[in-house]
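Report on one structure; see the data block that follows.
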Amino acid sequence: MTPEDREFGHGLKLTAIAVISAVLTATFVIGAGQALLGESKPIIMPQATVSHASAD
């Protein structure tokens, strides 16, 4: 195994650790935010209706 191969493998390990850490951190932050702010109902915006004038 060449030094370049070892460096590439080490880089892949660090990338995997970074991705897993980011996902776990985001999950924790979202969960903590929901726990602190409470479960609120989503705001549902009414859809605007578009009327097309008919050419008679």
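The values are calculated or read from the model by the stated rules, or taken from the named source; none is laboratory data. The shown structure was predicted, so the numbers you read here are calculated from the model rather than taken from an experiment. We work out accessible area using only protein heavy atoms, side chains counted, and drop any ligands, DNA or RNA first. Shrake-Rupley method; radii C 1.70, N 1.55, O 1.52, S 1.80 Å.
Some points to look at:
- Segment 20-32: number of residues that are at pLDDT 95 or above, open to solvent by less than 90 Å² (accessible area, probe 1.4 Å) and over 12 Å from the mean Cα position of the chain (by Cα): 1
- Residues satisfying the stated conditions in segment 1-16, i.e. open to solvent by 100 Å² or more (accessible area, probe 1.4 Å) and among the aliphatic types (A, V, I, L, M): Met1
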